[in-house]
Amino acid sequence: MRSRRVQGPMETIMRWDPTLWMLFCCLTLFPSPTDSVAVMSVDLGSEWMKIAIVKPGVPMEIVLNKESRRKTPVAVCLKENERLFGDGALGVSVKNPKVVYRYLQDLMGKQNENPLVALYQKRFPEHHLEKEENRGTVIFKNSEEMQYSPEEILGMVLNYSRGLAQDFAEQTIKDAVITVPAFFNQAERRAVLQAAQMAGLKVLQLINDNTAVALNYGVFRRKDINSTAQNMMFYDMGSGSTVATIVMYQTVKTKDSGTQPQLQIRGVGFDRTLGGFEMELRLRDHLAKIFNTQKKTKKDVRESARAMAKLLKEAQRVKTVLSANAEHTAQVEGLLDDIDFKARVTRSEFEALSSDLFDRVPGPVQEALSSAEMSMDEIEQVILVGGATRVPKVQEVLLKAVGKEELGKNINADEAAAMGAVYQAAALSKAFKVKPFLVRDAAMFPIQVEFTREAEEEEGLKSLKHNKRVLFQRMAPYPQRKVITFNRYTDDFVFNVNYGDLAFLSAQDHSVFGSLNLTTVKLTGVGSSFTRHADAEAKGIKAHFNMDESGVLMLDRVESVFETVAEEKEEESTLTKLGNTISSLFGGGSSEPNVNASEPVQDEEEVPPETGKEDDQAQKEDKPAQEEKQEAGEKAEGETQAEEKAEGEKADANSDSQDQQEGVKSEEKKPNEEEGKTEETEDQKAKPQKRTKISEEIGVELQVNDVLNPSFDQIEASKKKLQDLTDRDLEKQEREKALNSLEAFIFETQDKLYQDEYQAVVSEEDKEQISGKLSEASDWMDEEGYAAGTKQLKEKLSELKKLCKAMFFRVEERRKWPDRLAALDSMLNHSAFFLKSARLIPEDQQIFSEVELRTLEKVINETTTWKNETVAEQEKRSSTERPVLLSKDLESKLSLLDREVNYLLNKAKFAKPKPKPKPTPTEKNGTSTENAKANGTEADSEKVIPPKEEPSPEKAPEAPEEVKPGEEPPTVENVGKETDKKSEHSEETSNTETSENNKSENHLGDEL
C-alpha cells in the first residue's frame, strides 16, 4: 500500500490510490456530537515506534513526525532544564548517553532481581538503576530530584506520540490502540496500561503486534478469505525480540453480521533476546576491539561511555549497509582523544560475530508449530515482518528451516502492525463504522485457580488437599469470560490465581518470566450469606473471571448462589388459555414472562449482568471442532469449564459443570444428577414447582503477588510529575518563541526605517523616537533579554509594536490603495453599463422595476461622489498624517455595489419573458399575403385564402394559432421559431416590431 496523506473528495481518493479507496469504503464516519473523532495507534517497538491515525477524510495513514519521518525512535532525553524526544534525543545520546533512555521494554513490569534488569545494566552501564522500595521494581536515578520509573518514561513517550498524532490530524485525540509483544505476561501488560494512564491516554485495547500485522494482512485480502481455512505464519524479528505467529483465516457465521472473515491465532513461538540490537552490540564490541588493537591511544575505548555510544551508532549504520553490500568501511571522527577511527568490515565477519544468534532463528518457528499442534506442511506461506529480517543470513537460515520455496515479502515490514492496530482502533471507536473482521487472539500462558480444602480419609481423619483447576488453557482464545464454582465451602476462604504449567518455556525464559503467582483472593461474608439463606438450597460460590481484549485477567465479582422452590398457581382452564391466546394475537404480551423478545440475542461468552441471565450459565462458545475437542478433554480431567446453557431454557444453576466441584470428578456426580432430575420430574407431575434463584455479593480482597500495582496516590504523583514536565516544556517553547519574536522585530524594524516606503510616511521626529527605542531594546537584549522571563519579553515586544503601529498602518494602507481603487473603478464602470443596458429593454419586456433601477443608480452616483471627494481630500493630506482613504471603506463600497448588481442579475436569470399580444386575423393574413407576393412563391401547407365575406360581428375569426388550456402562450422567441418553419425567408420578412424587440432583448442578453 502506498501511504500518503489523502484529503479531499472521494473521487480524488479513488483516482490517487485505489487501495485507499477500498479502505474508505470499508471505513465510514458516524455522526458524532463531538468534534474529536480521530483515533490513533502506536506500534510500540523496542527501538522505533510507528504512529497511525484514522479521521474523517483520512482512512488510514502513518503520522509524520517533526522531521517528516514515518518512524520515530523510542528515546527520551531528560536534562535538568530540557526534555527531548525521538531524533533530538538520539543526537544527545552520542554526546551525553547518561541522560538518554532507550529500550525500555525489557524493564516493564520487572522486579529488580530479574535477569533482564541485569542484562539492561550490562548493555547500558552509564545508567544508574536502583530498587523501588514499595513495589520492588527499578527506577532510573540521576539525582535525588531526578528519579523516574520505566512506566513514567514510557508515559512520556506515549504522550509525545499523541502530540505528533494531534498535530498531524489537526484535532484532539484521546483514544488509542497500542501494540505489545505477544509474550508479555500479566505484569508487563499492566505496566503498559499504567504508563498510558500516567500520560492521560485512553487505551481502547492492547493488541499483540503480530495480531495487528495479521489483521492488516487480512483486511487487504478480504476477498481471498473463504470457508476453507488458510494458515499463515508471520515471522517478526525486530530490534529486541523475535516472534513467530501462526494465523488461521476463515469466514464464519455470526449472529449479527452474517458471514464475516475471521483470523484466529493458532500458535505462537518467541525468543525474548533475539533481535537486531544484539547483533549491533556485537558489531560495536568488534569495532571497539579493532580500535584498541590500533593502539593510537593508551586509553581503553570501552571505558568511555561517549565513545561506545558513537561506535553503537556506527555499528547500526554498518549493519544496515552490509545487508545490501559484501563489505563496508566503518569510520568515526574524533572517537577518543580526538583520534579518528576507520576500519573495513565484511559481511562474513559480521555473520561470524552473530553465528550463535542465527542458530536460534528456527526456534520460534518450531515453538509456534508445537503450540498449534501443526506441521510445516499445513502452513501456506511464511511472511517476514520486522526490520531485522532484512539481514540476508536471517532469511537464508529461516528459508532452510521452513522448507518453503520462498519467503513472503508482500507486506510493509515496518508499518503493517501500526496500520492493523489503527484499523482495530476505528472498529472499537464509536465514531467510525468498519466492515467487521473478527479477531480471536490467544493467551500465551495458561492460568489456573488453586485452593486448599479438608478431605476425609478412610480412618475418619481429615487432611488438607491442594486442588488445581485450569481457568485458561495455553492458547485459549480471548476476550472470554469464565466462571468457577466452589461447592464445598460454607465459610470465608482463600484461593489463589496463578500461572499454569510453563514446561514449554526454556530455562532462560523461566528465569526472566517473573513470579508464577498472580493473585491471592480472600473472600469475606460467605458464612453470613449461608446463615441468611439457611432454608434455601446452596448452589455454591461462583467467581466470575474476565480476560479482556487486552489479554489482562480480572476478577469481576464473586457471589453466593441459592435456590428456593415456590409453588406455582393452578393450571388455567382451557377457556382462559383460549382467551390469553386471542389476547396475544391482538397485541398482548408473550405467554412466557421471562422472555424479552425485543432484546437482541447476546453473545453467550459475554452476556452482561443486567440482561437477567447469569454469566456463569452463558459461557458456551462458538468454537471450531478442535477447540470443542480440547474442552471435552478438559472435562475428562476435571478442569474448570465455561458453563453452558441450552437455547430457549430458563437459567438453571444445575447446568454448572460438575468438574468445578472441589476434588470431585464429573463421573462421580452423574448418577446423582440423573436421579435428582427424575425425582424432580415426578414431583412436578404431582404439583408444579418454580425454582427461584438468589444471588448475594461476596466481599473480595485482592493481594497481587507478581508485581504490585502502583497505588492511587503514586499514579497521581506520576501524573503530576509528567504534567509538570510538559508544562515546563510548553513554557520553554513559549519563552523561546517570545524571545525570537522580539529579536526579529527589532532587527526587521531597524532595517525598515531606511526603506523608501517607510521613510515616506514617517516624520523625522517619529523616526528618531522609533530608532532610539529600538536601540534601547537591542542593548537590553544583550544585557538582560536572554535571561528574561516570558512575560517580560512579551511586554517589551508589545511596547515596541504600539510605538510603530501608526507607521505600519500608513504603509499598509498605501500598499492597498492601487488594487482597491482599480477594483472600485472597474465595478463602477460595469455597474453603469449594466444600468444603461437594463434601461434599453422595451417596456413590455422589462423585467426590472423602476425602484430597483433607481436604487442601483443611486448607489452608483453616491459611490462615485464618495470616491472623488475622498481621493481629493487624501491628496491634500501629508503622507505622515493618518489617511482618510481607508482600504476597509473601499472594500465596503465594493461589496455594496456588487450586492446590488448581483441582485438584478439573479432576477434576470430566473425571470420569464412576457408573452406577445395575439395578432388579429387581418394583420396575419395581410402579412402572409405580402410575404408570398414578395417572394413570388406560395406556401403549400400554409396557403392563406382571403375570405369572400366580411366576418359578422357576432362571430370572431379563428385565432391563427391555438393555445391549449393549461399551456403557456408562445413567447417572443418561440413565435420567431414558428415563423422559421412556415417560411424560408422569415428573417427578411419578419414583423418590424418583433425584430426591434428581439434586437433589444439580444443586446441585453449579451450584456448579461
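Listed cross-link partners 867/912; 71/801; 122/737; 299/721; 719/794 are compared with a 32 Å cut-off, the Cα-Cα value being larger for 867/912; 71/801; 122/737; 299/721.
Close amide H partners of residue 557, meaning residues 5 or more places away or on another chain with modelled amide H under 5 Å apart, are 544. Around the amide H of residue 132, modelled in the peptide plane, lie the amide H atoms of 137, 138, 139, all under 5 Å away and 5 or more residues distant in sequence or on another chain. Shape annotation for segment 178-234: C-alpha extents along the principal axes are 43, 21, 16 Å, from largest to smallest.
Viscosity 1.002 mPa s, temperature 20 °C: give me the Stokes-Einstein translational D for segment 164-282 in µm²/s, with Rh taken as the Kirkwood radius over C-alpha pairs.
129 µm²/s
Pairs to check: 802/888; 202/522; 55/174; 55/433. Give those whose C-alpha atoms are more than 19 Å from each other in this structure.
802/888; 202/522
Summed over all non-identical Cα pairs, the Kirkwood treatment of segment 412-542 gives a radius of 19.2 Å. Working note: Karplus 6.51/-1.76/1.60 with θ = phi - 60° gives segment 230-243 the couplings 10, 9, 10, 10, 9, 9, 10, 10, x, 6, x, 8, 10, 9 Hz, where Gly and Pro are set to x. More than 22 Å apart: what percent of Cα pairs in segment 276-359 qualify? When all Cα pairs of segment 276-359 are counted, 21 percent exceed 22 Å. What the Cα atoms of segment 722-911 give is an Rg and a Dmax of 25.9, 83 Å.
Counting Lys and Arg as +1 and Asp and Glu as -1 over every other residue whose Cβ lies under 14 Å from the Cβ of residue 885, the net charge comes to +1.
In sequence order, segment 546-556 has phi-based couplings of 9, 9, 7, 4, 8, x, 9, 7, 9, 9, 5 Hz under the Karplus curve 6.51 cos²θ - 1.76 cosθ + 1.60, θ = phi - 60°, and Gly or Pro positions carry x.
For the peptides 262-275, 312-325, 37-50, residues were scored by their other Cβ atoms within 10 Å and the scores averaged per peptide; the highest-first order is 37-50, 262-275, 312-325. A simple packing score, the average count of other Cβ atoms within 10 Å per residue, orders the peptides 234-244, 402-412 as 234-244, 402-412, with the highest score first.
Here, each number is a calculation from the coordinates, and none is a lab measurement. Note that the coordinates shown come from a computational prediction; the quantities given were computed from them, not determined experimentally. Every residue, glycine as well, gets a Cβ built from its backbone with ideal geometry; the counts of neighbours run over all protein chains shown.
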